[in-house]
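Structure first, commentary second.
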Amino acid sequence: MSSSIKEGAISPSPETKLVVEHVSMIFARDGKSVPVLADIDLDVRRGEFLCIVGPSGCGKSTLLNLMGGFLPPTSGAIRIDGEIVRGPDPRRIFVFQERGVFPWLTVEGNIGFGLFKLSREERERRIAHYIQMVGLKGFEQAYPSELSGGMKQRLEVARALAVDPDVLFLDEPFGALDSITRLTMRGELLRIWETEGNTIIFVTHDIDEAVQLADRVAVMSSRPGRIQQIVDIDIPHPRDISSPRYLELRAGIYDQIGLAHRI
Amino acid sequence: MNSLQQPRKWESFFWPLLTVAAFLALWHFAVVWTATKIFPSPLDVERGIVTLAHKNVLWLDIRDSLRRVAIGYGAAVVLGIPIGLILGWYPAINQVVNPAMQILRPISPIAWIPVAIIFFGIGDDSAVFLIFLSAFFPIVVACIDGVSNVPSMFRRAGRNFGLSPLQLLAKVVFPAALPRILIGLRISLGIAWLVVVAAEMIAVDSGLGYLIIDSRNSGKHYDLVVAAMLMIGVIGLILDLGFRRLEKMRSVRWGFRYES
């Protein structure tokens, strides 16, 4: 268990935000134990945009849930700012697909949800600010059922950003959107990331998405999941998605996962 | 929301009224053709309602029935919702309580009448107790069901924003379960309204149920019997329509989208 690892044994460099140390995860299913993650090691830099890609069922969502503190690892530990993660925390917010917004609250109510400890003025200031940022002005009093999928996703991102977290965990956030909305949302997420400077860990099964967004892409193997390779995406934003370098990096990841280039 | 599919305004009144008129006509002519001496025609019933209204009996009986439902059902709501929320929230407690509840639940409130009379004697308290019983279990079950069906995503999002367990229950679990709870409340109000009539036939000497039994016993006034039945139907409909308005509230409407 994680208790065998002494806290503070490693002094993290100021550059490192999050460390995954020898993390393994075994689920018990129908009396059998299913290894889901095997000895994962991963460092995430402060302010980095890291994408985790891999085939479905490789445990990438499980890994994200461990980082978010929603599950304890079977062995190993996850540290954020040198501190072992023991549970969810408002300093790091998990963003689900757009279904995570609260349907019983208005847009304003959703964005203000995590701000209950703040004064009324500060809360209203932040709500207004983030409504503006994600382009939901004019929809303050709307309920999620009146919004499109893309708007709901922006609302959930705004709800997360409003509590000013250092880390955002995004679990296939754009998976349920149509391909045009998905492209727009990627652009908006990058714009927000560049202004807010959060560390973003983004799980996706879409290789193009990963290469378009990330500073680095962690490629996972199928179950039990391991980090197969970490690819630096050394193209500055905005990225030309028909440039040779982009195609080369993308092809490399396809090879890594073992996908053919032709359909 | 397609305006083409919506019936025109006059149609939404016209067809239901036509059905009612057709039903009354069928009833009237059935009485005329069979030349029955016992069963009243719609006109007899109308005269019966007028007689009752003039003697002020009707209003007093309606008031008494509604009062019993308000107290018994109100107590079931006040106790049932917190108990249901707790049982849904702590499955361990639910496992302990559930078998006992599953045995008590299918027992018709009518079967409780003798027991109620032992506990509370013949009178208002017995009737109120029966109404309470009839509404309590459906409300508890609806709350358990509502809470255990709250998507884990909502709970996790709540925890992620640093809510204490009590805040999580109040700000996430309850509003997320509210549509299902409202359905349970509406169904149990209907049951309570069914049971009050039965309880009043036995335990008390006022109310619409008593009016039915009394009209029959004191000289076979079947016009008054049917008049009281109609009043029960109309009031039940009004209660149900009132509840349906609650379901249109914006903060719960998301849970009723299938009704458009």
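The values are calculated or read from the model by the stated rules, or taken from the named source; none is laboratory data. If you're wondering where the values come from, they're calculated on a predicted model, not measured in any experiment. Positions of Cβ are backbone-derived with ideal geometry, glycine not excepted, and every protein chain shown enters the neighbour counts. For accessibility, only protein heavy atoms count, side chains too; no ligands or nucleic acids. Shrake-Rupley method; radii C 1.70, N 1.55, O 1.52, S 1.80 Å.
Does the stretch B:143-157 hold any residues that are more than 11 Å from chain A (Cβ to nearest Cβ) and not in a loop (DSSP other than H, G, I, E, B), and which are they?
B:C143, B:I144, B:D145, B:G146, B:V147, B:S148
How many residues are assigned to a loop (DSSP other than H, G, I, E, B), closer than 17 Å to A:V134 by Cβ and either open to solvent by 30 Å² or more (accessible area, probe 1.4 Å) or not polar (S, T, N, Q) (or both) when one looks only at the stretch A:80-112?
The total comes to 6.
Which number in (1) open to solvent by less than 10 Å² (accessible area, probe 1.4 Å); (2) of a type outside the set (K, R); (3) within 15 Å of B:R68 (Cα to Cα) marks the one condition that B:V147 misses?
Here B:V147 meets the rest and fails (3).
I'd like the full set of residues that are within 12 Å of A:A142 (Cβ to Cβ) and facing another protein chain (nearest Cβ under 9 Å), limited to the stretch A:85-108.
A:V101, A:P103, A:L105, A:T106, listed by residue number.
Grab the strands (runs of 3 or more DSSP E) fully contained in the stretch A:156-245, keeping just those with 1 or more residues being open to solvent by 40 Å² or more (accessible area, probe 1.4 Å). Give the steps one after another, and end with the answer.
Numbers: elements: A:167-171, A:199-204, A:216-220, A:227-232.
Those strands (runs of 3 or more DSSP E) span A:227-232.
Could you check the stretch B:178-211 and list, in sequence order, the residues that are part of a helix (DSSP H, G or I) and either touching a Lys or Arg at 6+ places or on another chain (Cβ under 7 Å) or closer than 13 Å to B:I62 by Cβ (or both)?
Listed by number, the residues that qualify are B:W193, B:V196, B:V197, B:E200, B:L208, B:G209, B:Y210, B:L211.
For residues that are open to solvent by 10 Å² or more (accessible area, probe 1.4 Å) and small (G, A, S), scanning just the stretch B:158-177, find the one that is nearest to the other protein chains (Cβ to nearest Cβ).
Selected residue: B:G162.
State yes or no: is B:I110 at pLDDT below 90 and not in a helix (DSSP H, G or I)?
In short, no.
Being in contact (Cβ under 8 Å) with a residue 40 or more places away in the chain and either more than 11 Å from chain B (Cβ to nearest Cβ) or in a loop (DSSP other than H, G, I, E, B) (or both) is the filter here, so list the residues in the stretch A:113-142 that pass it.
Going through the stretch A:113-142, the residues in contact (Cβ under 8 Å) with a residue 40 or more places away in the chain turn out to be A:113-115, A:133-135.
Once the filter is applied, which keeps residues that are in contact (Cβ under 8 Å) with a residue 40 or more places away in the chain and either more than 11 Å from chain B (Cβ to nearest Cβ) or in a loop (DSSP other than H, G, I, E, B) (or both), the stretch A:113-142 yields A:M133, A:V134, A:G135.
Can you spot a residue in the stretch B:64-81 that is part of a helix (DSSP H, G or I) and basic (K, R)?
Yes, the stretch B:64-81 contains a residue that is part of a helix (DSSP H, G or I) and basic (K, R).
Looking only at the stretch B:106-144, which residues are loosely packed, with under 13 Cβ neighbours inside 10 Å and in contact with a Phe, Trp or Tyr (Cβ under 8 Å, 6 or more places away or on another chain)?
Selection gives B:F119 alone.
Among the numbered criteria (1) closer than 30 Å to A:A158 by Cβ; (2) under 18 Å from the mean Cα position of the chain (by Cα), which one does B:K171 miss?
Tallying (1) closer than 30 Å to A:A158 by Cβ; (2) under 18 Å from the mean Cα position of the chain (by Cα), B:K171 fails exactly one: (2).
Give the residue, chosen from A:S56, A:S33, A:S61, that is open to solvent by 10 Å² or more (accessible area, probe 1.4 Å), under 30 Å from A:D234 (Cβ atoms) and either within 14 Å of another protein chain (Cβ to nearest Cβ) or in a strand (DSSP E or B) (or both). Talk me through it step by step, then tell me what you get.
Values: A:S56 fails: either within 14 Å of another protein chain (Cβ to nearest Cβ) or in a strand (DSSP E or B) (or both); A:S33 fails: under 30 Å from A:D234 (Cβ atoms).
The unique qualifying residue is A:S61.
For the stretch A:130-149, state whether one or more residues are under 20 Å from A:R91 (Cβ atoms) and open to solvent by 10 Å² or more (accessible area, probe 1.4 Å).
Checked against the condition, which is being under 20 Å from A:R91 (Cβ atoms) and open to solvent by 10 Å² or more (accessible area, probe 1.4 Å), the stretch A:130-149 yields at least one hit.
Can you give me the number of residues within the stretch B:14-44 that are more than 25 Å from the chain's Cα centre (by Cα) and part of a helix (DSSP H, G or I)?
Total meeting the criteria: 19.
Quick check: is even one residue across the stretch B:178-192 within 11 Å of another protein chain (Cβ to nearest Cβ) and either free of Cβ contacts under 8 Å to residues at least 60 places away in the same chain or open to solvent by less than 40 Å² (accessible area, probe 1.4 Å) (or both)? Please lay out each step first, then the result.
Applying the first criterion (within 11 Å of another protein chain (Cβ to nearest Cβ)) to the stretch B:178-192 yields B:178-179.
Filter once more, keeping what is either free of Cβ contacts under 8 Å to residues at least 60 places away in the same chain or open to solvent by less than 40 Å² (accessible area, probe 1.4 Å) (or both): B:178-179.
Yes; the residues of the stretch B:178-192 include at least one that is within 11 Å of another protein chain (Cβ to nearest Cβ) and either free of Cβ contacts under 8 Å to residues at least 60 places away in the same chain or open to solvent by less than 40 Å² (accessible area, probe 1.4 Å) (or both).
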